[in-house]
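Please read the structure below before turning to the comments.
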Amino acid sequence: MTDLEDKLSRVLSGAAHRAPQAPAGLVATVKTRHRRRRARTAAVRAAAAVVLVAGGVGTAVSALGASAEPHPAVSATGEAKPSADKIPPPIEKVWPQAVHKIPAKLPDGRAYYPQLLLDEHTLLVMTGVGDGKRQFLWSYDLGTGRPRQIAEIPPTKGSAIFADGVAAGGGNIVWWASYKEAGSPRVARIWTVPAAGGRPRPVTDVPLGNVMKQGHINGLAVTGSDVVFAYEKGGVYRVPLSGGSPQPVKGAERHHILQWPWVGIHRGKAIFRELLNVETGERRDAVVKADEEVRCGVDRCAGVAVRYKTVKVERPRDRSGKEIKCGTRRCPDTVQTRTILRSFVRDRDGSQEHELPSNFQSGDDAGLERFFKVDLPRSGDQGVLTLYDADTGRSADLGIRPDARGTMAIPDGGLDRLMTYPIKNEMYVLDLAAIK
């Protein structure tokens with residue numbers, strides 16, 4: 001496997017993990033995003049580039065790279081669901097306490113990539129991702145604007161992938177990188193360094209198989225004196241920060257990490273429906289109906305109720321009236337439409353259900369299981385991306401607009417409190433925990 005293939009596999013597997021639940025027959029729907037904890041090199045971004053059309057309709061991309069028409073989303077009556085709405089006020093007006101605007105580059109001109117919040121005033125960032133040469137970790141004081149170098153990420157010999165999966169806890173920072181040295185199998189090497197600064201040291205090497213098929217590792221977290229992680233295909237492991245061999249976590253042999261100590265299994269279109277607390281043994285199974293596609297957090301699930309319908313289509317013909325074949329196969333007689341009946345968020349036990357805006361990004365994690373990204377397609381392909389608070393019903397305009405090519409970057413965020421995105425020469429850093 002080439003170095004580029006390895007990098008590309010990580011981008012695609014990460015996109016698939018977060019992608020919206022796709023209709024039958026569609027491998028994945030992918031949108032461009034700047035993802036925290038998965039900083040990419042320019043080469044990988046170019047190799048895996050896909051676009052989000054500003055009008056809100058994405059191009060479907062199969063695993064082989066062939067484009068296909070997306071399944072149309074229609075209302076229960078068969079009419080297209082209304083997607084345009086009034087643009088809400090800017091986020092700095094709606095939730096000023098949560099917004100930090102800082103320069104998009106460090107004082108010395110270096111570009112950086114936000115990773116996580118070390119505390120409410122300190123942002124952990126990484127530099128050197130774009131050039132693939134020397135990478136550094138920095139703490140950035142959101143109040144003073146002063147960066148402090150924590151450590152240089154150790155350069156490596158052989159075929160190596162840039163640092164990824166950055167996590168922190170207990171005064172320690174951890175990350176991993178994929179390595180392939182001559183004569184040795186590929187591994188994901190986990191590193192650690194004190195948050196106060198110091199010399200990074202390796203924790204362990206995690207064996208990897210065929211990463212194009214099996215993926216790398218994810219869900220990296222620090223818990224007490226240990227580091228935990230999961231294979232992208234399932235299976236949770238623990239290793240001491242001081243070093244040692246990874247050991248499987250009992251009862252989580254096929255699981256993924258949601259938020260430690262909660263782990264779960266991906267079952268079809270019900271992501272993290274079943275949860276296990278590996279420290280207490282508590283189980284939480286979410287209420288999910290047969291027609292629903294959901295993505296669950298520790299306390300809530302969000303998703304859509306859908307109806308699929310097979311519709312006959314007329315086969316295309318050329319000018320002579322002869323039927324046209326589609327590649328090596330004949331054109332299909334039928335296509336499958338996807339009708340969205342409703343969008344919702346509710347507690348795992350099925351209670352406290354609330355309607356969500358129809359254009360919410362169902363494949364994304366909601367910040368703090370509360371804040372959802374919502375597309376507001378506008379006339380003239382001038383899409384608007386907003387943030388919706390499911391607790392209060394308030395919305396805010398994130399300020400992101402399509403570029404000249406009609407593509408729109410999606411803010412980087414997860415289940416935690418941090419969301420970041422650049423606009424021109426500024427980096428927006430949102431601390432969602434500051435919103436009461």
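The values are calculated or read from the model by the stated rules, or taken from the named source; none is laboratory data. Since we're looking at a predicted model, the values are computed, not measured. Methodologically, a virtual Cβ is constructed for each residue, glycine included, from the backbone with ideal geometry; neighbour enumeration extends over all protein chains shown. Remember, those area values only see protein heavy atoms, side chains included, never the ligands or the DNA or RNA. Shrake-Rupley method; radii C 1.70, N 1.55, O 1.52, S 1.80 Å.
Got a sec? Which of A302, A252, A286 is touching a Leu at 6+ places or on another chain (Cβ under 7 Å), within 21 Å of F360 (Cβ to Cβ) and at pLDDT 95 or above? First the steps, then the outcome.
Details: A252 fails: within 21 Å of F360 (Cβ to Cβ); A286 fails: touching a Leu at 6+ places or on another chain (Cβ under 7 Å).
On inspection, the qualifying residue turns out to be A302.
Working only within region 326-359, note down all residues that are of a type in the set (S, T, N, Q), surrounded by fewer than 11 Cβ atoms within 10 Å (Cβ to Cβ) and modelled with pLDDT under 95. Answer for region 326-359, where residues must be of a type in the set (S, T, N, Q), surrounded by fewer than 11 Cβ atoms within 10 Å (Cβ to Cβ) and modelled with pLDDT under 95: T328, T334.
Counting only strands (runs of 3 or more DSSP E) that fall entirely inside region 229-335 and contain at least 3 residues that are free of Cβ contacts under 8 Å to residues at least 40 places away in the same chain and touching a Phe, Trp or Tyr at 6+ places or on another chain (Cβ under 9 Å), the qualifying elements are 262-267, 270-277. When the residues of region 402-421 are filtered to those that are over 20 Å from D365 (Cβ atoms) and touching a residue at least 24 places away in the same chain (Cβ under 8 Å), the one that is surrounded by the most Cβ atoms within 10 Å (Cβ to Cβ) is P402.
Could you tell me how many of the residues in region 365-383 are modelled with pLDDT under 95 and over 22 Å from D403 (Cα atoms)? Selection size over region 365-383: 1.
Return yes or no: is V263 open to solvent by less than 70 Å² (accessible area, probe 1.4 Å), within 26 Å of the chain's Cα centre (by Cα) and within 20 Å of V249 (Cβ to Cβ)? First the steps, then the outcome.
Numbers: open to solvent by less than 70 Å² (accessible area, probe 1.4 Å): yes; within 26 Å of the chain's Cα centre (by Cα): yes; within 20 Å of V249 (Cβ to Cβ): yes.
When the stated conditions are applied, V263 passes them.
Taking region 195-253 as the range and being open to solvent by less than 70 Å² (accessible area, probe 1.4 Å), more than 14 Å from A167 (Cα to Cα) and acidic (D, E) as the test, the residues that pass are D205, E232. Taken over region 422-436, the criterion of being buried (at least 19 other Cβ atoms within 10 Å of the Cβ) and assigned to a loop (DSSP other than H, G, I, E, B) is satisfied by I435 alone. Output the residue which, of all residues in region 91-134 that are of a type in the set (G, A, S) and either touching a strand residue (DSSP E or B) at 6+ places or on another chain (Cβ under 7 Å) or assigned to a strand (DSSP E or B) (or both), is nearest to A195 (Cα to Cα). Ranking the candidates gives G128 first.
So, G393, is that one open to solvent by 20 Å² or more (accessible area, probe 1.4 Å) and closer than 20 Å to K436 by Cα or not? So G393 passes the test. Of the residues examined, L398 is one that is under 17 Å from V94 (Cα atoms) and among the hydrophobic types (A, V, I, L, M, F, W, C).
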